[in-house]
Ligand code: HEM
C-alpha cells in the first residue's frame, strides 16, 4: 500500500499527524511534505485513519 | 444582447428563473417557500435547532434564497469543500450576504484573494504553528486553572461567563503580547458591542464603532513596539512583536502600521467568540450525557477524539463567498456576481460522509470535519484553538467530575454566522 500526500491540497491542518504520527510527518508549520511513501503492512490501518482525517482529501491511498 | 449587471440579476432572480440556469440536466427538487424566504442569519428555526432544516437543504441539494440580496445555500460536505477549495471561482471579498464594505478596507487576511492573500497567510500561519502552540500550552493551562479555582467547592457554575468567554480573551492577550490589564479593556469594548440589543442594524453600528476603536488601539500598540521592542515573556514572542519584526514579500519590507493594525483586529475578532462558542457547545452536549462525561473523566486520553467528534457534530461557522467565474456546484450553474453561503455545520451532518451523523460517537472512524474551513482560508488559529479546548476539557474533567446541566435552567443557544451558546448552567456536586 502507498499513500500520496498532494502538496497542493495540503493546507496545514496537521490532522494526519495528530491521528497517525507514526505514518505522517509534518513540518514545523503543520504542512505535510512527504509526497508518496510505501506503507508497511502493520501500519496500513493507521495510514488509512490518517488519510480519513484530512478535511481537504489531500491524502490518496493506493493498493496494488 | 446587453449585459445585465450580474449582481442585480442575482438579487432579482426568482427561484423559477434561476432554475432555468441549470446545467447537467439534474432535476432539482423544487425549493419550498421557506428556503426562498430564508434569512440564514436570523431564522428562528435555525436558532432553536438548525439540523432538521440543514437535512432538508442537503436534499435539494443546493438551496436558493431570495432574501439578503439572493444567495445559494451550500450544505453538503462535498459541495462545501468544493467551494472552499476553489479560491479562483469563489472570492472572499464578500464574506456576508448582503455584502458589507467596511470603510477601513478589506480585512487581512480573510477578505483577500490570491495572490495578495498568500503574502500574509504564510507569515501568520507560522506564528500560530503546531510548534508554537506546544510552547504556549502551559500558559493556557495556568489560565484555565485560575478560572476554575474560585468555583471549587461550589454547587453551580454559569459556564459561558465564568470559563468559556474569559479563557480565549486571556489566552489571546498573552499570545498577542498585550500589556497586562489591556485584556479587560478590550473585553469591555467587546461586551459593549454585544450587549443590549437584538436589533441587527444597531449591532452593526456598534460593531463598526468598536472596530474603529480596536484599529486605533492596535495602531498605537504596534507603533509603540516598533519604537521600543520588548523582551518576550517566557521566551514566547507575542504576535504584535512578531508582526513588528516581520519582513514580507520579495523585497523583504516591513509591515505598515495600518496593515499591522488591520491584521491584529482580524485575528483578535476571529480568535475569541469562535473558541468560546465551541467550548460552550461542547460542554452543552457533555453536560447532557453523563455517560460521555464519565468516559472522559475515566480516560482523559479520549478527550482529543471527543473534541473532534463534537466539532463535527456542531461545526459552527457559516461563511459567504462571491462567485467570480462560471461554475457549477452540486449540479447548479452559478454566474459571476452570485453569492453562496456555505454551512460547515450541515457538512458535519452529511450522511454521505458520516454514518449515523446525528449521533455522538467518539469512536467514529472518520475524524475529518470542516469546522476550521478548508482551502486557502483554512483557519490560522486551528492549532491554538484545539489546544485551548483540549486543555480546558482536561482541567474541567479533573476538577469537576460530576458536572451536569441544571435541568431548571436550560442552556440558551443561537445560530447565525456562528452556532453558539449564550448560557450554560452547570451543577457541580455529585448527583
Ligand atoms: C474554535 C475556534 C475557531 C473556529 C471554529 C474557527 C473557524 C474558522 C473558519 C471556518 C475559518 C475559514 C473562514 C473562511 O473560509 O472564510 C477561519 C479562518 C481564520 N481564523 Fe479561525 N477559527 C477559530 C479560532 C481561531 C483563532 C484562535 C484564531 C487566531 C489565533 C483564528 C484566526 C483565523 C484567521 C486569521 C482566519 C483567516 C485565515 C485566512 O483568511 O487565510 N481562528 N477560522
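The values are calculated or read from the model by the stated rules, or taken from the named source; none is laboratory data. All of these numbers come straight from a predicted model, not from anything done at the bench. Heads up, the Cβs are rebuilt from the backbone with ideal geometry, glycines too, and the neighbour counts pull from every protein chain shown.
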**Request:** Tally the residues that are under 22 Å from residue B:386 (Cα atoms) and more than 9 Å from chain B (Cβ to nearest Cβ), restricting the search to region A:51-64.
**Result:** 3
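Filter region B:262-301 for residues that are farther than 29 Å from residue B:211 by Cβ and either within 14 Å of chain A (Cβ to nearest Cβ) or within 11 Å of the ligand (Cβ to nearest atom) (or both) and give the result.
Residues of region B:262-301 that are farther than 29 Å from residue B:211 by Cβ, as a first pass: B:283-301.
Across region B:262-301, the qualifying residue is only B:301.
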**Request:** Run down B:167, B:200 and say which single residue is within 27 Å of residue B:405 (Cα to Cα) and in contact (Cβ under 8 Å) with a residue 40 or more places away in the chain.
**Result:** B:167
**Prompt:** Being within 12 Å of the ligand (Cβ to nearest atom), at the interface with another protein chain (Cβ under 10 Å from one of its Cβ atoms) and outside any loop (DSSP other than H, G, I, E, B), is that true of even one residue in region B:360-375?
**Reply:** yes
**Message:** Can you tell me which of (1) within 28 Å of residue A:18 (Cα to Cα); (2) crowded, with 20+ Cβ neighbours inside 10 Å; (3) more than 10 Å from the ligand (Cβ to nearest atom) is the one residue B:121 doesn't meet?
**Reply:** (3)
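Scanning for something facing chain B (nearest Cβ under 9 Å), modelled with pLDDT of 95 or more and either surrounded by 17 or more Cβ atoms within 10 Å (Cβ to Cβ) or part of a loop (DSSP other than H, G, I, E, B) (or both), does region A:35-45 turn up at least one residue?
No, because not a single residue in region A:35-45 is facing chain B (nearest Cβ under 9 Å), modelled with pLDDT of 95 or more and either surrounded by 17 or more Cβ atoms within 10 Å (Cβ to Cβ) or part of a loop (DSSP other than H, G, I, E, B) (or both).
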**Request:** Taking only region A:1-34 into account, find how many residues are assigned to a loop (DSSP other than H, G, I, E, B), more than 22 Å from residue B:308 (Cα to Cα), free of Cβ contacts under 8 Å to residues at least 60 places away in the same chain and more than 11 Å from chain B (Cβ to nearest Cβ).
**Result:** 4
**Request:** Mind telling me which of the residues B:354, B:313, B:403 ends up being touching a helix residue (DSSP H, G or I) at 6+ places or on another chain (Cβ under 9 Å), more than 10 Å from the ligand (Cβ to nearest atom) and within 14 Å of chain A (Cβ to nearest Cβ)?
**Result:** B:354
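Out of B:146, B:191, which single residue is part of a helix (DSSP H, G or I) and out of contact with any helix residue (DSSP H, G or I) (no Cβ under 9 Å at 6 or more places or on another chain)? Steps first, answer last, please.
Details: B:146 fails: out of contact with any helix residue (DSSP H, G or I) (no Cβ under 9 Å at 6 or more places or on another chain).
Residue meeting the stated conditions: B:191.
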**Every residue from region B:82-136 that is away from chain A (no Cβ under 14 Å), under 30 Å from residue B:37 (Cβ atoms) and out of contact with any helix residue (DSSP H, G or I) (no Cβ under 9 Å at 6 or more places or on another chain)** = B:91, B:93, B:94, B:95, B:96, B:97, B:101
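Look at residue B:416 and say whether it is within 16 Å of the ligand (Cβ to nearest atom), surrounded by 18 or more Cβ atoms within 10 Å (Cβ to Cβ), in contact (Cβ under 8 Å) with a residue 40 or more places away in the chain and under 14 Å from the mean Cα position of the chain (by Cα).
Numbers: within 16 Å of the ligand (Cβ to nearest atom): yes; surrounded by 18 or more Cβ atoms within 10 Å (Cβ to Cβ): no; in contact (Cβ under 8 Å) with a residue 40 or more places away in the chain: yes; under 14 Å from the mean Cα position of the chain (by Cα): yes.
Criteria not met by residue B:416.
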**Asked** How many residues, within region B:22-38, are at pLDDT 90 or above and more than 26 Å from the chain's Cα centre (by Cα)?
**Response** 2
**Message:** Looking at (1) in a helix (DSSP H, G or I); (2) over 30 Å from residue B:93 (Cβ atoms); (3) touching a helix residue (DSSP H, G or I) at 6+ places or on another chain (Cβ under 6 Å), which one does residue B:172 not meet, given that it meets all the others?
**Reply:** (2)
**Item:** Conditions (1) farther than 27 Å from residue B:420 by Cα; (2) within 15 Å of the ligand (Cβ to nearest atom); number of the one not met by residue B:244
**Value:** (2)
